[in-house]
Amino acid sequence: MAAPVEAKLDLIARLQQLPMRHRWLRWAVLAASLAFSAASAYYFNIQVRQEARSRFATVAVGVANDVQSRIRAYGDVLYAIRGLFDSSDEVTRDEFHRFAQALSLGERYPGATNISFAPRVPHAKKAQFERVVRAETSPLVKGLPEFTVKPPGERPEYLVLTYIEPMGKNVAAWGLDLNADPLRRSVVDRARDSGR
């Protein structure tokens, strides 16, 4: 084993004793090595950036497709609610509750916190409307606060949240007049006028 080590040391010693007549060769090798290193770094930098852009684009397209899919699914819920009301002369609170349970909102539509129905009530029928809702005997309204249109005040027309599912954590919205808020009113009017 000593022979290879001695041969290696002997080779290094002979190389160190070579005449220094080709100094430019050393500098040329150094320059070529530096140029190769810089070119390699530049090339790999470009490759890494292209890969990052490609990954970002792929992820962005995936996220956009997921968002579109969820929005479409939530739109389908709205069409289903519309179908429920279009298929019946009168939908009761119990029917609306069963419909909402069948949708499995929490599991299938995690972004939807609730679904609701808000009938239009002319000012002249506001008191009668409140009496009718208060007279409901459904077990779903037991233990709820007395129904009243809120916020108080007189308006030509009310759009009152009457059916809300799930009611539990959304009970504060029960009786809320969507027409009382100008921003909500403009959104509701646009949806009503466009049918969408």
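The values are calculated or read from the model by the stated rules, or taken from the named source; none is laboratory data. Remember, predicted model here, so these are calculated numbers, not experimental data. Backbone-built Cβ (ideal geometry, glycine too); neighbour counts: all protein chains shown. Surface accessibility is based on the protein's heavy atoms, side chains included, excluding ligands, DNA and RNA. Shrake-Rupley method; radii C 1.70, N 1.55, O 1.52, S 1.80 Å.
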Legend entry - Qualifying position, being within 26 Å of E107 (Cα to Cα), out of contact with any Ser or Thr (no Cβ under 7 Å at 6 or more places or on another chain) and among the basic types (K, R), among R55, R70, R93: R70
Legend entry - Filter result for A118 (within 15 Å of F147 (Cβ to Cβ) and either open to solvent by less than 50 Å² (accessible area, probe 1.4 Å) or among the β-branched types (V, I, T) (or both)): yes
Inset, instruction - Test G83 against the criterion of being closer than 27 Å to V160 by Cα, at pLDDT below 85 and either open to solvent by 50 Å² or more (accessible area, probe 1.4 Å) or assigned to a helix (DSSP H, G or I) (or both), and give yes or no. - result: no
Inset, instruction - Would you be able to say whether some residue in segment 98-105 is closer than 18 Å to Y74 by Cβ, among the hydroxyl-bearing types (S, T, Y) and touching a residue at least 40 places away in the same chain (Cβ under 8 Å)? - result: no
Inset, instruction - Name the single residue, out of those in segment 151-174 being out of contact with any helix residue (DSSP H, G or I) (no Cβ under 8 Å at 6 or more places or on another chain) and not aromatic (F, W, Y), that is most open to solvent (accessible area, probe 1.4 Å). - result: K169
Legend entry - Cross-chain or 6+ apart pairs with Cβ under 9 Å, segment 177-196 first and farther than 20 Å from I164 by Cα, then modelled with pLDDT under 80: R190/R196
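Among the residues of segment 175-196, write down those that are of a type in the set (S, T, Y) and either at pLDDT 85 or above or open to solvent by less than 30 Å² (accessible area, probe 1.4 Å) (or both). Write out each step before concluding.
Taking segment 175-196 first, the residues of a type in the set (S, T, Y) are 186, 194.
Within segment 175-196, just S186 meets the criteria.
Quick check: is even one residue across segment 23-34 more than 24 Å from L176 (Cα to Cα), of a type in the set (F, W, Y), out of contact with any helix residue (DSSP H, G or I) (no Cβ under 7 Å at 6 or more places or on another chain) and surrounded by fewer than 10 Cβ atoms within 10 Å (Cβ to Cβ)? Walk me through it before giving the result.
Residues of segment 23-34 that are more than 24 Å from L176 (Cα to Cα), as a first pass: 23-34.
In the following step, the residues that additionally are of a type in the set (F, W, Y) were identified as 24, 27.
Now restrict to residues that are out of contact with any helix residue (DSSP H, G or I) (no Cβ under 7 Å at 6 or more places or on another chain): 24, 27.
Restricting the remaining residues to those that are surrounded by fewer than 10 Cβ atoms within 10 Å (Cβ to Cβ) gives 24.
Within segment 23-34, one or more residues are more than 24 Å from L176 (Cα to Cα), of a type in the set (F, W, Y), out of contact with any helix residue (DSSP H, G or I) (no Cβ under 7 Å at 6 or more places or on another chain) and surrounded by fewer than 10 Cβ atoms within 10 Å (Cβ to Cβ).
Here's the yes/no breakdown for (1) open to solvent by less than 60 Å² (accessible area, probe 1.4 Å); (2) in a helix (DSSP H, G or I):
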| residue | (1), (2) |
| --- | --- |
| S37 | no, yes |
| S40 | yes, yes |
| Y43 | no, yes |
| R49 | no, yes |
| Q68 | no, yes |
| Y79 | no, yes |
| D89 | no, no |
Legend entry - Selection from segment 91-104 of residues that are open to solvent by less than 30 Å² (accessible area, probe 1.4 Å) and among the basic types (K, R): R93
Legend entry - Residue selected from segment 123-145 under the condition open to solvent by 90 Å² or more (accessible area, probe 1.4 Å) and of a type in the set (D, E, K, R), by the criterion nearest to Y158 (Cα to Cα): K125
Inset, instruction - Check whether at least one residue in segment 106-126 is modelled with pLDDT of 90 or more, farther than 23 Å from D177 by Cα and among the basic types (K, R), and report yes or no. - result: no
